[in-house]
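Peer 1: If you scroll down you'll find the structure; I have some questions about it.
Rule-based calculations on the coordinates, nothing more; no lab input. Owing to the predicted nature of the structure, the values given are computational and were not obtained by experimental measurement. With ideal geometry, Cβ positions are generated from the backbone for all residues, glycine too; neighbour counts draw on all protein chains shown.
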Amino acid sequence: MRRRRFGQWLSPHRVHRSLAEIDLDELAAHGIRGILMDLDDTLCPRDSSVTPEPIMVWLKAAAERFQLFIVSNNFSLERVRIVSDALSIPGIHGAQKPRRSGINHAMTQLGLQRHELVLIGDRLLTDVLASRRAGIMAILVEPILAERRFLSLGVRLLEANLLRLFGETPFQRHDPPAGADS
């Protein structure tokens, strides 16, 4: 019982290989009106401000149907501003996920309710946990470029093992388990 309860905090509603693979019709069918996105390794590589072409195409289609907002833990206002301006998507830096404050800020800026939002990110212990704590839908995507630093590799390995522990296969598309939307 305790494992299931703990696992619920770390279980994304969906898992995808890339942001570009997420079905916008499915999000709309779930009543989603706003898409919150992590920046580093979700929208563009951590060491670049260039968003890959497939993600650019997806963002253009998403912007026609949804309100978009970047919620980044990156403390560099300059970095977030450069990407935000290039993509014409508002954003917040220093969100401190898994705290809910960045999500609450985005929700206020967009004028939407929790049930109308999804957060898409590449980190289980920040993005998914923040989404679950805030009561919004969580989608986990594979990082654009996996970091090479030792600490990051260790955290990514821990996250992959936690996904497996709670019955998920990392980065294969799946339908959520019954009751996952709660």
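Peer 1: Just to be sure I understand the model, the point goes 7 Å from the Cα along the line to the Cβ. What's the resulting LEU157 to ARG81 distance in nm?
Peer 2: Here the answer is 3.9 nm between the modelled labels.
Peer 1: Count the net charge of all other residues whose Cβ sits under 14 Å from the Cβ of LEU24, scoring Lys and Arg as +1 and Asp and Glu as -1. Before the final figure, lay out the partial values.
Peer 2: Numbers: positive: ARG14, ARG33, LYS60, ARG65; negative: GLU21, ASP23, ASP25, GLU26, GLU64.
In short, -1.
Peer 1: Sticking with this one: If a paramagnetic tag sat 7 Å from the Cα of MET56 along the Cα-Cβ line, which residues of region 74-110 would have the backbone N under 16 Å from that point?
Peer 2: 83-89
Peer 1: Which order do peptides 128-137, 93-102 fall in by mean Cβ count within 10 Å, highest first? Walk me through the intermediate numbers first.
Peer 2: Values: 128-137: 22.1, 93-102: 19.1.
Top of the packing list down: 128-137, 93-102.
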